Amino acid sequence: MKQFIRPEMFDKFKRFFNREETNQAEEGKDELSIFENPNFITDSDKIIGLLSEIEVSSPLCTIQIDGAPEEYNSSVLGIKPDKNLIILDELTPIEGNAHLQNVKSLKLSTFHKGIHLTFNLTEIEVGYSRGITYYKAALPQRVFYPQRRRSPRIEISSIDIAFSGVSERTGISVNGYLFDLSRGGAGIDLPVNRARIQRGDRIKNCQISFDEYLMNFDLSVRFVKQPSLNSSKVQIGGFFENLSNKSQTKLSYFITSLERVEIRKQKA
């Protein structure tokens, strides 16, 4: 005996199969979105442009290495698009260099224009220049850069934190004001480079003051640049050395307080 499907049953079947097709289409979109994630930059020209900006601004970068017991600091020394190369400074603390030379891969994180940026490097090679270690690797094929602020940019230059120290190489005093500050290092504006500071120099007996606390440290200089050709001003940046535990704690609290102020300003 033949059985006929009533019209209302046919409509239910039709709606069911249409729903299944819609679900499958949505699943397809989800899978596709993995490869078209707007948080990642994959265009080579855009990656080169972004990393070139980082080279110029010279922010301190956080380095993570598989199997290493802690995070390390470094900076981008150069971008060579014609050779498809990125060049990184040696790591601090120095123990990180042995880990990197063994593993030959890393994850780099930094902030650019207040936005968190991350990428991976593999097959890293080591080089030496003037007794300083550096690393080179192929440019990353993709960079995590969500292009929205996850951490506010803090304009340290508006706070007028004075810096003083003595060049270990020349014995001449170094004085200026901070334009950048992190938990690992600082950038300093010098009105004139009387001490003839060069990359690789160490500035001893450094001092800065914040929140009525005087912080003593040494500074390992990682970059030196002149903002304009017709100016005597020079910008230097480097990593903190010989920071006491108390200074590390005070510095971390100070930076956290600045971040909170900026967050409140953005919400106002």
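Results, tabulated for the structure shown:
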read-out	value
Residue check, Lys83 open to solvent by 40 Å² or more (accessible area, probe 1.4 Å) and either at pLDDT 90 or above or of a type in the set (Val, Ile, Thr) (or both)	yes
The one condition in (1) modelled with pLDDT under 85; (2) out of contact with any strand residue (DSSP E or B) (no Cβ under 9 Å at 6 or more places or on another chain); (3) open to solvent by 70 Å² or more (accessible area, probe 1.4 Å) that Ser228 fails to fulfil	(3)
Hey, Arg148 open to solvent by 50 Å² or more (accessible area, probe 1.4 Å), of a type in the set (D, E, K, R), at pLDDT below 95 and under 20 Å from the mean Cα position of the chain (by Cα) or not	yes
Residue match in region 124-133 (condition: crowded, with 16+ Cβ neighbours inside 10 Å and within 30 Å of Ser44 (Cα to Cα))	yes
Count - residues of region 119-137 that are over 20 Å from Arg199 (Cβ atoms) and either in contact with a helix residue (DSSP H, G or I) (Cβ under 9 Å, 6 or more places away or on another chain) or of a type in the set (Ser, Thr, Tyr) (or both)	3
Inter-residue pairs, beta-carbon under 9 Å, first farther than 16 Å from Arg222 by Cα and in region 48-67, second part of a helix (DSSP H, G or I) and open to solvent by less than 30 Å² (accessible area, probe 1.4 Å), 6+ apart	Ile65/Gly96; Ile65/Leu100
Qualifying residue in region 235-249 (condition: touching a Leu at 6+ places or on another chain (Cβ under 6 Å), open to solvent by less than 60 Å² (accessible area, probe 1.4 Å) and at pLDDT 85 or above)	yes
Hey, Asn97 open to solvent by less than 20 Å² (accessible area, probe 1.4 Å), more than 16 Å from Phe223 (Cβ to Cβ) and in contact (Cβ under 8 Å) with a residue 12 or more places away in the chain or not	yes
Members of region 42-98 found to be within 14 Å of Leu121 (Cα to Cα) and aliphatic (A, V, I, L, M), listed by number	Ile47, Leu51, Ile63, Ile65, Val76, Ile79, Leu85, Ile86, Ile87, Leu88
Filtered residues of region 40-99 (kept if of a type in the set (Phe, Trp, Tyr) and under 14 Å from the mean Cα position of the chain (by Cα))	Tyr72
Lone unmet requirement of (1) open to solvent by 30 Å² or more (accessible area, probe 1.4 Å); (2) at pLDDT below 95; (3) farther than 26 Å from Val234 by Cβ for Ser182	(3)
Top-ranked residue in region 188-224 [being in contact with a helix residue (DSSP H, G or I) (Cβ under 8 Å, 6 or more places away or on another chain) and not aromatic (Phe, Trp, Tyr); ranked as least open to solvent (accessible area, probe 1.4 Å)]	Met215
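Residue-by-condition table, conditions (1) in contact with a Phe, Trp or Tyr (Cβ under 6 Å, 6 or more places away or on another chain); (2) among the hydrophobic types (A, V, I, L, M, F, W, C); (3) over 23 Å from Ile54 (Cα atoms):
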residue: Asn175; (1), (2), (3): no, no, yes
residue: Lys204; (1), (2), (3): no, no, yes
residue: Phe210; (1), (2), (3): yes, yes, yes
residue: Leu219; (1), (2), (3): no, yes, no
residue: Gln235; (1), (2), (3): no, no, no
residue: Lys250; (1), (2), (3): yes, no, yes
residue: Arg260; (1), (2), (3): no, no, yes
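The values are calculated or read from the model by the stated rules, or taken from the named source; none is laboratory data. Computed from a predicted structure; not experimentally measured. We place every Cβ from the backbone using ideal geometry, glycine too, and count neighbours over all the protein chains shown. Please note that ligands, DNA and RNA were not included when accessible areas were found on the heavy atoms of the full protein model with its side chains. Shrake-Rupley method; radii C 1.70, N 1.55, O 1.52, S 1.80 Å.
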